[in-house]
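Okay, so here's the structure we're looking at.
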Amino acid sequence: MTVRIESRENALIKHLTRLSADRKFRRETGEMVGEGGKLLGEALASGAGVHAVLTADGAAVSEDLLHAAERAGAKLYRCPAALLAKVSNVKTPQGIVFSCARPVAGLHALSGARRLMVLEGLQDPGNLGTIMRTADAFALDGLILCEGCVDPTAPKVVRATMGAVFRLPTAAASLAETADFLRELKIPLYAAALSADSVPATQVDLHRAAVLIGNEGRGVTRQAVEQCDGQIIIPMAGRAESLNASVAAAILMYEMSRTGEADA
């Protein structure tokens, strides 16, 4: 059954709007908001637990998709397009907005991992979304977000992941907890950092490893380096001193997947 909503004062409208804008609220409720039929399909396929689906009048939304959401336990709602636009986080709404459980877990979810990306202080939503999408493309086992990172379930990040937010195992933990966890798994942690002690990534065995990427402007902190087993750099013949965080991460993830081909 689909419930009709006409007022912006409706509880669901307020709830979805707050989920979109408030990071603390997303953490407290354990929910996030997503937009578009493709992303809803990804959420359902991952078993993320879809709670509510709101569609706009006249929107081209698959009835099969809505039925699948309802069968999975979601409640269906419909509203005027202008009202959904108030909830949407984009200039051109896709006609469907939904809430679901945040796909962010503890470190225990990565206990079987071999190749991981660890992020510290990454604050740009586009960078994080791109890294998550790339990690999914190179079949990394997961991502760990440490101190100072942007929320992986923020709407701008979610859009940039192109659905990878529901496919890539993601955990949130402190750097100290992460380092202890990796030591228990006997997985070395390498910091991507410009340093006299850094060695080219091509000279390091990354087939079973975790790589740490730091803040876009400051890089990896000294405290983080002290938790690592070594430091690596990307060999570059040009004059640029550094790369964009998501570009550097992509190159290193390719190297991780390349050196891990023998495990496949």
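Every number here is computed from the coordinates shown, using simple stated rules; none is lab data. Note that the structure is predicted; figures quoted are calculated from it, not measured. Please note: Cβ atoms are built from the backbone with ideal geometry, for glycine as well, and neighbour counts cover all protein chains shown.
Roughly how many whole Å is it from the C-alpha centroid of the range 1-34 to that of the range 126-196?
So the two Cα centres are separated by 26 Å.
Using just the helices of the chain, give the 222 nm mean residue ellipticity in deg cm²/dmol: DSSP H runs with n ≥ 4 each add -39,500 (n - 2.57), and the total is spread over all residues, rounded to 500.
Result for the chain: -10500 deg cm²/dmol, rounded to the nearest 500.
With a point put 7 Å past each Cα toward its Cβ, work out how far residue 243 is from residue 205 in nm, to one decimal.
2.4
Which of the residue pairs 24/75; 75/156; 24/86; 86/156; 38/156 have a Cα-Cα distance greater than 18 Å in the structure shown?
In this structure, 24/75; 75/156; 24/86 lie more than 18 Å apart at Cα.
For the chain, what does the relative contact order come out to in percent, with C-alpha contacts under 8 Å and a separation of six or more?
For the chain, the relative contact order is 18 percent.
What percentages, rounded to whole numbers, describe P(r) for the range 2-101 computed over all alpha carbon pairs with 5 Å bin width beginning at zero?
2, 14, 28, 27, 21, 8, 1
To one decimal place, what Kirkwood hydrodynamic radius in Å is obtained for the range 60-201 from all pairs of distinct Cα atoms?
It is 17.3 Å.
Which one of 1, 17, 62 has its Cα pushed farthest toward the positive end of the charge dipole of the chain, where Lys and Arg give +1 and Asp and Glu give -1 at the Cβ?
It is 1, whose Cα lies furthest towards the positive end.
Of all beta bridges DSSP finds with both residues in the range 107-263, what is the antiparallel percent, to the nearest 5?
Percentage antiparallel, nearest 5: 5.
Using 7 Å Cα-to-Cβ label points, what is the residue 1/residue 92 separation (nm, one decimal)?
About 3.7 nm separates the two model spin labels.
Return 25, 181 ranked ascending by Cβ neighbour count within 10 Å, so the fewest neighbours appear first.
Going from least to most buried by this count: 25, 181.
Based only on other Cβ atoms within 10 Å, what is the fewest-to-most ordering of 67, 51?
The fewest-first ordering by Cβ neighbours comes to 67, 51.
Under a 10 Å cutoff between Cα atoms, tell me which one of 169, 235, 200 has the largest fluctuation in the Gaussian network model of the chain.
235
Relative contact order of the range 2-101, please, whole-number percent, based on alpha carbon pairs below 8 angstrom and at least 6 residues apart.
Rounded, it is 41 percent for the range 2-101.
I need to check one value: relative contact order of the range 107-263, counting alpha carbon pairs closer than 8 Å and at least 6 residues apart, in percent.
29
Pulled fully out, how much extra length does the chain show between residue 38 and residue 72, if you take 0.36 nm times their separation in residues and subtract their Cα-Cα distance?
Net length gain for the segment: 10.6 nm.
Restricted to Cα positions, what overall size does the chain have along the principal axes? Three whole-Å values, descending.
Result for the chain: principal-axis Cα extents of 63, 35, 31 Å.
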